[in-house]
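Asker: Submitted below is the structure of interest, expressed as C-alpha cells.
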Amino acid sequence: MPIGGLKSLNDNAMAKAKTYYFCRECGYQSASWLGRCPECGKFGTFDEEVVKAESVGRRKADSGSRESAPKLLQEVTYSQTRRLSTRCGELDRVLGGGVVPGSLLLLGGEPGIGKSTLLLQMALSASVDRLLYVSGEESEEQIKMRADRLCSSEGGRRKADGSDLRPSTSDLYVVSETVTQRIFEHIETVKPELVIVDSIQTVSTEELDSPAGSVSQIRQCTSEFQHYAKSTGVPVLLIGHITKDGTLAGPKVMEHIVDAVLQFEGDRNYGYRVLRALKNRFGSTAEIGIFEMQASGLREVENPSEFLLSRRDETLSGSAVAATLEGIRPMFVEVQSLVSSAVYGTPQRNAGGFDLRRMNMLLAVLEKRCGFKLGAKDVFLNLAGGMRVSDPALDLAVACAILSSNVDIAVSPRVCFAGELGLNGEVRPVSRVEQRIAEADRLGFERIFISKYSQREVDRRRYGIEIVAVGVIEEAFRALFA
Ligand code: TYD
Ligand code: MG
C-alpha cells in the first residue's frame with residue numbers, strides 16, 4: 001500500500017472520537033480499562049471518558065508552535081510587579097504577601113467549609129479595581145445574597161484591627177457560567193485584574209466531550225486557565241473540592257499545573273478554620289492563616305493562642321500546654337490525654353490532631369524510660385479545639401499530658417512545654433526557642449520546660465518566666481510529679 005493511503009487511513013481514525021480511561025485519583029491515562037492503577041496503586045478507580053481525537057491533535061500543534069528560545073539568566077528581565085494585596089491579613093500571609101500577578105492558585109477544601117465565603121469576602125475587600133467572580137455552583141442572585149450578608153454586618157465589613165474593608169462592591173462582576181470558552185468571552189468584556197472560578201469541578205471545555213468534573217476536563221480546564229493567567233498576567237483563583245480522604249478531588253496533575261495549592265480545613269463542630277499552603281511557588285508553606293466562621297462571614301484570628309487555650313482555672317490531670325510554632329507565629333495548644341485501664345484485651349489508642357504512630361512511639365519511650373506499664377492501658381489524646389499541629393515541639397507536652405493522666409496529678413495550667421522527644425527519651429531542642437519563651441511570657445505563663453541543649457541560646461534575664469531546662473524526660477517527670 002502506498003504511504004499516502006496509510007496516512008489518509010490514519011486521518012480517518014483521528015477524526016473519530018476516542019475514548020480513554022483515566023484514574024480518578026491520580027489522573028493516569030490508559031487506552032484500556034484497568035482494575036488497578038499502575039501509577040497510584042488504587043483499585044477500581046478508572047473511568048471511561050470520550051476525548052475528541054481532533055482536539056488532542058490540535059493541542060499538540062499548539063504547544064509545538066509556542067515561541068521559545070534559550071536566554072542567558074542575566075539577560076532575563078522581569079518588571080517589578082508588586083503583589084496584589086487581598087487586604088485579608090491571614091490570606092496574604094499564607095500566600096507569602098499577596099497574589100502574584102499571572103499566578104494560578106487552587107483553593108481546596110471539603111464542601112461547606114467556607115471556600116466560597118473566603119474568596120467572595122476577599123473579592124469584596126481586595127485592593128483590585130476589577131474582579132470577575134465566576135460561579136458554576138451558584139446563581140448571580142445567590143452570590144449577591146451572600147455578599148449582602150457579608151457586608152451588612154460589622155463583622156464582615158470590619159477587620160479585626162477596626163479598619164474598614166472596602167464597602168463598595170461596584171467593580172466586582174459576577175457571572176454564573178460553566179463553559180470555559182464563555183468564561184473567557186466574559187473575561188474579554190470585563191477585563192478584570194483578578195479572576196475567581198468557583199469551582200473547577202463544575203466548569204468544562206467544549207474541546208472535550210467528557211462531563212464536567214471528570215479527570216480530563218479538570219486537567220484541560222486547569223491548563224486553559226493557566227495559559228490565560230500566564231499570557232495576560234491576570235491571576236486566577238480556582239476553587240476545588242476535596243474528597244473524603246483529604247486529597248484534592250480529580251487528578252493530582254492539577255497540583256503540578258497550579259502555582260500554589262491552598263487548603264482550607266477545620267472541624268465542622270468548631271468555629272475556626274485553618275488555611276494552609278500545601279504548595280507555594282512564591283512563598284513559604286509553613287505559614288497558616290486562622291479564621292473564625294461567624295454568622296457574618298469569616299473573621300481573621302490574629303492571636304490564635306488566646307483563642308485555643310481553654311480558659312481553665314481548676315487543675316485537672318491529663319492536660320499540658322504546648323508552645324508550638326506554625327510558620328513564624330507562636331501558637332499555644334492544650335494537649336489533653338486520658339489514660340485508663342484497658343477493658344478489652346487490646347488496648348485502644350486514639351489521637352485527635354496528632355500522629356497516632358508518633359504517639360505510640362512516645363508511649364514506648366515513656367514505658368522504657370519512666371517505667372510505666374502503659375502497654376495495658378487505653379490511651380486517648382486530643383488537641384483542644386480540634387487543632388491539627390505538626391510541630392515536633394509538641395512531643396514534650398504530649399508526653400507530660402499522658403504522664404499526668406497516668407499518675408492522676410495535674411500539671412498547672414500556667415506551665416507550658418516546648419521540646420521534641422528522641423527515641424532514648426532525650427529532650428531535643430526545638431527551633432526558635434526564644435520566640436516561644438517570649439510568647440509564653442507575654443501570655444502570662446509562669447514556667448516553660450525546654451531542652452537543656454537549647455538553653456545556651458536563651459538569655460534568661462530578659463524574661464520574667466521561669467525556664468526549666470531538662471535533658472531527658474525523667475527530669476521533666478520528677479520536676480512535675482515527684
Ligand atoms: P461555603 O463558603 O458555601 O462553603 P464551600 O464553598 O466551601 O462549600 O460556606 C458554607 C458554610 O458556611 C455554611 O455551612 C454556612 C457557613 N456560613 C456562615 O456560618 N456564615 C456566613 O456568613 C456564611 C456566608 C456562611
Ligand atoms: Mg462553595
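The numbers here are math on the coordinates, done by the rules we state, and not lab data. Just so it is clear, the structure is predicted and the values come from calculations on it, not from any experiment. Note that each Cβ is placed from the backbone with ideal geometry, even for glycine, and that neighbours are counted across all protein chains shown.
Asker: Any idea how far the Cα center of the range 459-476 sits from the one of the range 200-222, in Å?
Answerer: Taking the Cα centre of the range 200-222 as reference, the centre of the range 459-476 is 57 Å away.
Asker: Quick check on the exposure proxy: order 219, 82, 349 from fewest to most C-beta atoms within 10 angstrom.
Answerer: Values: 219 21, 82 10, 349 17.
Starting with the residue having the fewest Cβ neighbours, the order is 82, 349, 219.
Asker: Around residue 130, what is the net charge, scoring Lys/Arg as +1 and Asp/Glu as -1 over all other residues with Cβ under 12 Å from its Cβ? Show your work: numbers first, answer last.
Answerer: Values: positive: 191; negative: 129, 171, 193.
So the environment of residue 130 carries a net charge of -2.
Asker: Restricting everything to alpha-carbon atoms, can you work out Rg to Rh for the range 325-374 with a Kirkwood hydrodynamic radius?
Answerer: Numbers: Rg = 13.8 Å, Rh = 13.1 Å.
Radius of gyration over Kirkwood radius for the range 325-374 works out to 1.06.
Asker: Same structure, new question: So if I take the centroid of the Cα atoms in the range 362-396 and the same for the range 312-357, what is the distance between those two points in Å?
Answerer: 7 Å
Asker: Given +1 on the Cβ of Lys and Arg, -1 on the Cβ of Asp and Glu, and no further charges, what dipole in debye does the chain carry about its Cα centre, rounded to the nearest 20?
Answerer: On the way: 60 positive and 63 negative charges, 194 e Å.
Around 940 debye, computed over the chain.
Asker: Can you give the calculated 222 nm mean residue ellipticity of the chain, where each DSSP H run of n ≥ 4 adds -39,500 (n - 2.57) and the sum is split over every residue, rounded to the nearest 500 deg cm²/dmol? All intermediate terms of the calculation are to be shown ahead of the outcome.
Answerer: Working: 14 runs with 148 residues, N = 482.
Calculated at 222 nm, the ellipticity per residue is -9000 deg cm²/dmol.
Asker: For 75, 326, 292, which order do you get if you count the other beta carbons within 10 Å of each Cβ and list the fewest first? List each step's numbers first, then the result.
Answerer: Details: 75 6, 326 20, 292 17.
By the 10 Å Cβ count, ascending, the order reads 75, 292, 326.
Asker: For a quick check of your reading of the filter: which trypsin sites (Lys or Arg not before Pro) in the range 371-448 sit in a DSSP loop and have no more than 13 other Cβ atoms within 10 Å? Numbers along the way, then the final one.
Answerer: Numbers: sites: 373, 377, 388, 414, 432, 436, 442, 447; in loops: 373, 388, 414, 432.
Within the range 371-448, the qualifying trypsin sites (Lys or Arg not before Pro) (loop, at most 13 other Cβ atoms within 10 Å) are 373.
Asker: Near residue 353, within a Cβ-to-Cβ distance under 10 Å, what is the net charge of the other residues, with Lys and Arg +1 and Asp and Glu -1?
Answerer: Details: positive: 388; negative: 267, 355.
Charge balance in the 10 Å sphere: -1.
Asker: Something else about it: Sticking with the crude label model, points 7 Å out along Cα→Cβ, report the distance from residue 33 to residue 442 in nm, one decimal please.
Answerer: The two pseudo-label positions are separated by 6.0 nm.
Asker: Taking every alpha carbon pair in the chain, what does the distance histogram look like in 10 angstrom bins from 0, in percent?
Answerer: All Cα pairs considered, the percentages come to 4, 17, 23, 21, 18, 12, 5, 1, 0, 0.
Asker: Where both partners of a DSSP beta bridge lie in the chain, what percent of those bridges are antiparallel, to the nearest 5? Intermediate results must be reported in sequence, preceding the final value.
Answerer: Numbers: 45 of 86 bridges.
Beta bridges within the chain, antiparallel portion: roughly 50 percent.
Asker: So if R0 is 30 Å, what FRET efficiency would residue 341 and residue 267 give, r being the distance between their Cβ atoms, rounded to the nearest 0.05? Write out the running numbers ahead of the final one.
Answerer: Working: r = 29 Å, r/R0 = 0.98.
According to the calculation, E is roughly 0.55.
Asker: Same structure, new question: Between residue 350 and residue 43, what is the label-to-label distance in nm when each label sits 7 Å out along the Cα-to-Cβ direction?
Answerer: About 2.8 nm, to one decimal.
Asker: Now for a different question. Taking only C-alpha pairs under 8 Å that are 6+ residues apart, what is the relative contact order of the chain in percent?
Answerer: Working: 1005 pairs, mean separation 59.3, N = 482.
It comes to 12 percent, rounded to a whole number.
Asker: Here is a further query. Quick one: 184, 380, fewest Cβ neighbours within 10 Å first, how do they rank?
Answerer: Details: 184 14, 380 18.
Placing the least packed residue first, the sequence is 184, 380.
Asker: Given 0.36 nm per residue, what is the gain on full extension from residue 182 to residue 137 after removing their alpha carbon distance, in nm? Show your work: numbers first, answer last.
Answerer: Working: separation 45, 0.36 × 45 = 16.20 nm, distance 1.56 nm.
Roughly 14.6 nm would be gained on extension.
Asker: Could I ask something else about it? Starting with the highest mean, order 107-119, 266-278 by the number of other Cβ atoms within 10 Å, averaged over the residues of each peptide.
Answerer: Numbers: 107-119: 20.7, 266-278: 17.8.
Listed from highest to lowest mean packing, they are 107-119, 266-278.
Asker: Spin-label point model (7 Å from Cα, Cβ direction): what's the residue 458 to residue 69 distance in nm?
Answerer: 6.1 nm
Asker: Go through the chain and flag any cysteine with no other cysteine's C-beta closer than 4.7 Å, please.
Answerer: So far as the 4.7 Å Cβ criterion goes, 88, 151, 221, 370, 400, 416 stand without a partner in the chain.
Asker: Cα-Cα pairs above 12 Å in the range 388-445: how many percent? Intermediate values should be presented prior to the final figure.
Answerer: Values: 1157 of 1653 pairs.
Value for the range 388-445 (Cα pairs over 12 Å): 70 percent.
Asker: Moving on to the next point. Less than 13 Å from a label point 7 Å out along the Cα-to-Cβ axis of residue 360: which backbone N atoms in the range 315-347 qualify, by residue?
Answerer: In the range 315-347, the label zone of residue 360 (backbone N under 13 Å from the point 7 Å along Cα→Cβ) covers 347.
Asker: Now for a separate question. Angle, helix 394-407 long axis vs. longest principal axis of the chain, Cα atoms, 0 to 90°, nearest 10?
Answerer: Computed tilt is about 50 degrees.
Asker: Could you give the length gained by full extension between residue 466 and residue 282, i.e. 0.36 nm per residue of separation minus their alpha carbon distance, to one decimal place? Let's see the in-between values first.
Answerer: On the way: separation 184, 0.36 × 184 = 66.24 nm, distance 3.96 nm.
Contour length minus the Cα-Cα distance gives 62.3 nm.
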